[in-house]
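We did not get these values from a lab; they are worked out from the coordinates using the rules stated. Remember, it's a predicted structure, so these values are computed and weren't measured experimentally. Here the Cβ positions follow ideal geometry from the backbone for every residue, glycine too, while neighbour counts run over all protein chains shown.
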Amino acid sequence: MADVERGNRPLSPHLQVYRLPLNATVSILHRATGVAVGLVLMILALWFLGAAWSEPVFNAIDWLVTSWLGWLVLLAGAASLWLHFFNGLRHLIWDTGAWFGQKRVRKSAVVTIALAAAMTLVTLIVAIVW
Amino acid sequence: MSYLTDRKRATGLGSAKSGTAHFWEQRLSAVALVVLTPLFVLPLAYNLGSSFDEVRAAYAHPINAIIGVAFFLTAFLHFFQGVTVVIEDYVHGRWELVLIITMRMLSALFSLIGAFAILKIAFAG
């Protein structure tokens with residue numbers, strides 16, 4: 001009868017209260033941002049198709065892409081892209097066998113987020129100011 | 001008749017029967033994108049919000065056209081390679097196959113759309 005309480009015991013790590021370490025968050029974000037960038041790229045491919053098609057078709061797609069919702073999607077896309085870009089570089093460095101060890105992994109995660117934020121800002125400035 | 005021994009044909013291929021080929025190809029497209037992404041994205045950010053004529057003039061330029069076509073082909077190859085791994089990890093059985101086939105078709109379609117659109121702008125106006 002030792003198994004009576006089986007269903008009530010806590011899981012470890014308990015998924016509702018377990019806080020993902022920074023590195024685990026960046027790791028799962030790498031996949032999520034990769035998929036997101038692919039989807040945004042499909043929208044941009046249609047934008048190019050519009051430019052190759054005709055002015056009315058371009059204007060219709062461009063209106064959607066440069067609407068406030070469109071800019072929001074593009075901003076999220078840019079942020080996703082740069083996080084995936086710099087974390088991808090981190091992965092390529094790991095593939096050579098370098099930069100392992102708890103402290104360096106954490107440090108490179110922080111640097112990755114900082115660089116991604118900076119490049120997202122640069123992309124935003126290029127898009128809006130110029 | 002093959003001159004390879006059974007041992008030689010099996011070594012390095014593992015349970016996936018394709019060795020590290022998929023892994024390696026994805027690293028190659030990643031390295032290409034390290035170069036192509038800034039070259040494509042920053043000029044694109046500059047051109048977003050421009051008029052029809054301005055966009056067409058920008059991508060009629062050979063440098064922008066070459067970078068654009070290279071980026072679309074490489075990015076959607078890399079997207080398919082990555083999304084395949086994600087599907088293989090989280091989906092199993094029939095849906096795994098259906099999703100992988102669907103994503104392959106979509107990746108091919110949208111890389112063709114992007115590359116063809118830019119080539120048409122560059123060649124035919």
Those lysines that a straight Cα-Cα span of less than 20 Å connects to B:Lys8, excepting residues fewer than 8 apart in one chain: B:Lys17
What ranking do B:Tyr46, B:Tyr59, A:Tyr18 get, fewest neighbouring Cβ atoms within 10 angstrom at the top? A:Tyr18, B:Tyr46, B:Tyr59
For A:Ala114 and A:Leu72, extending 7 Å from Cα along the Cα-Cβ vector and measuring point to point gives, in nm, a value of 3.1
Of the residues A:Ala109, A:Ala118, A:Ala45, which exhibits the maximal mean-square fluctuation in a Gaussian network model of chain A defined by a 10 Å Cα contact cut-off? A:Ala45
Radius of gyration and Dmax over the Cα atoms of chain B, both given in Å: 19.3, 64
Under a straight-distance cross-link criterion of Cα-Cα below 20 Å, which aspartates and glutamates are reachable from B:Lys120, leaving out those fewer than 8 residues away in the same chain? A:Glu55, A:Asp62, B:Asp53, B:Glu54
Distance in nm between pseudo-label sites at A:Val105 and B:Asp53 (7 Å out along the Cβ direction from Cα): 5.7
Taking 7 Å along the Cα-to-C-beta vector as the label spot, tell me the B:Ala21-B:Val98 distance in nanometres, rounded to one decimal. 2.8
Net length gained if the chain between B:Asp6 and B:Leu28 were fully extended (0.36 nm per residue, minus Cα distance): 4.9 nm
What is the ratio of the Cα radius of gyration of the stretch A:21-129 to 2.2 N^0.38 Å, where N is its residue count, to two decimals? 1.29
B:Ser2, B:Ser107, B:Ser50 arranged by Cβ crowding within 10 Å, fewest neighbours leading: B:Ser2, B:Ser50, B:Ser107
Among B:24-37, B:91-104, B:61-74, A:91-104, how do they line up from the highest to the lowest mean number of other beta-carbon atoms within 10 Å? B:61-74, B:24-37, B:91-104, A:91-104
Residue-averaged 222 nm ellipticity for chain B, from DSSP H runs of 4+ at -39500 (n - 2.57), nearest 500: -28000 deg cm²/dmol
Hey, what do the phi angles of the stretch A:63-79 turn into as Karplus ³J(HN,Hα) couplings, whole Hz, using 6.51/-1.76/1.60 and θ = phi - 60°, x for Gly and Pro? 4, 5, 5, 9, 6, 4, 5, x, 4, 4, 5, 5, 5, 4, x, 5, 4
